[in-house]
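One structure is given here, and the rest of the page talks about it.
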Ligand code: DGL
């Protein structure tokens, strides 16, 4: 059976476009409806209550587009609001960006030491640590919130001494501790991949969860028999929605999507109750 309904991809801003890109690369017959809550970005410094309320509102908005799978591509949303999404949205399968990254890291750490960097809210939730240790309690997890890295990406300063200093500042403890696998636990961090890998050296493998999340989406669609058999998918048949025109939009979108995205729409989110 062929299910041509779109896949919903949710993020607080533009970072989740990396996940959207990987999904369409792996499954070119699929369509995506992407929603980035640019009007209320960033989420990472907000309280859990607000993150949960905003995420649920956005998830409900995406569900209006008849999606067959909801992919929560924002680490902060997934860390704080996965449960509330699952409690309120029963008609659509939901996956988050955290577990695919966790599984990839657990398989790769030889020394049983995994590092995670992300926003304050993601690290405060301790979801990465709990998920890793649920698989293997003997793995030591180093979690560090690294909020200074976000504006560096927004300002496209990834190949810059300030980025190298910030990476050094946040990662020295993990390097000292012998971490051999580092999860980039924020959807905005993939453009920092090279500066981070350059800082930690080859002893530490740096993982960006976008690819693993896309693979998980593929596995779920296959298992539930929801894959599209269409040849008519891809970026041209997808929709990119934002709650406010993103600042410096085209260059940043290109940075995360990997190609220019000129067509997008602005939507208003219905404020609901949790
Ligand atoms: N998208 C968020 C994440 O992956 C980072 C940006 C924010 O603070 O909203 O954690």
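Taken together, the values in this text are just the output of simple stated rules run on the coordinates, not laboratory data. Keep in mind it's a predicted model, so treat the numbers as computed, not measured. Note: ideal-geometry Cβ built from the backbone for every residue, glycine included; neighbour counts use all protein chains shown.
Using Cα-Cα distances under 8 Å and only pairs 6 or more residues apart, what relative contact order does region 178-252 have, in percent? Please list the in-between numbers first.
Numbers: 34 pairs, mean separation 19.7, N = 75.
Reported relative contact order: 26 percent.
What is region 169-263 by shape, rounded, prolate or oblate, if you read a ≥ b ≥ c off the alpha carbon gyration tensor as root eigenvalues and call it rounded for a/c under 1.5, prolate for a/b larger than b/c, and oblate otherwise?
oblate
Using Cα atoms only, what is the angle between the long axis of helix 17-26 and the major principal axis of the chain, expressed in degrees (0 to 90) to the nearest 10?
The answer is roughly 70 degrees.
Most exposed first by the Cβ proxy, i.e. fewest other Cβ within 10 Å, how do 58, 186, 63 rank?
Ranked by crowding around the Cβ, least crowded first: 63, 58, 186.
Sort 86, 49 by Cβ crowding within 10 Å, fewest neighbours at the top. Mind dumping the intermediate values first?
On the way: 86 14, 49 10.
So the ranking, lowest neighbour count to highest, is 49, 86.
With runs of 4+ DSSP H residues as the only contributors, calculate the mean residue ellipticity of the chain at 222 nm using -39,500 (n - 2.57) per run, divided by the residue total and rounded to the nearest 500.
It lands at -13000 deg cm²/dmol.
Counting alpha carbon pairs within less than 8 Å and at least 6 residues apart, what relative contact order, in whole percent, applies to the chain? Intermediate results must be reported in sequence, preceding the final value.
Working: 545 pairs, mean separation 81.5, N = 274.
Here the relative contact order equals 30 percent.
Report, in degrees rounded to the nearest 10, the 0 to 90 angle that the Cα long axis of helix 210-223 makes with the longest principal axis of the chain.
Result, in degrees: 40.
For region 142-208 and region 75-126, what is the separation of their C-alpha centers, rounded to whole Å?
For region 142-208 versus region 75-126, the Cα centre distance is 18 Å.
Restricting to the chain, what percent of DSSP beta bridges are antiparallel, rounded to 5?
0
Using Cβ contacts closer than 10 Å as the measure, can you line up 135, 98 from fewest to most?
Taking fewest neighbouring Cβ atoms as first place, the list is 135, 98.
Going by a ≥ b ≥ c, the root eigenvalues of the Cα gyration tensor, does region 121-237 fall in the rounded group (a/c under 1.5), the prolate group (a/b larger than b/c) or the oblate group? Display every interim value, and only then the final one.
Values: a/c = 2.40, a/b = 1.42, b/c = 1.70.
Taking the square roots of the gyration eigenvalues as a ≥ b ≥ c, region 121-237 is oblate.
Express the relative contact order of region 1-102 as a whole percentage, based on alpha carbon pairs under 8 Å and six or more residues apart in sequence. Write out the running numbers ahead of the final one.
On the way: 159 pairs, mean separation 33.4, N = 102.
Contact order relative to length: 33 percent.
Assign one of three labels to region 1-126, namely rounded, prolate or oblate, based on the Cα gyration tensor with a ≥ b ≥ c the square roots of its eigenvalues; rounded applies when a/c is under 1.5, prolate when it is not and a/b is larger than b/c, and oblate otherwise. Intermediate values should be presented prior to the final figure.
Details: a/c = 1.80, a/b = 1.18, b/c = 1.52.
The shape class here is oblate.
Going by alpha carbons, how many degrees (0 to 90, nearest 10) lie between the helix axis of 161-177 and the longest principal axis of the chain?
70
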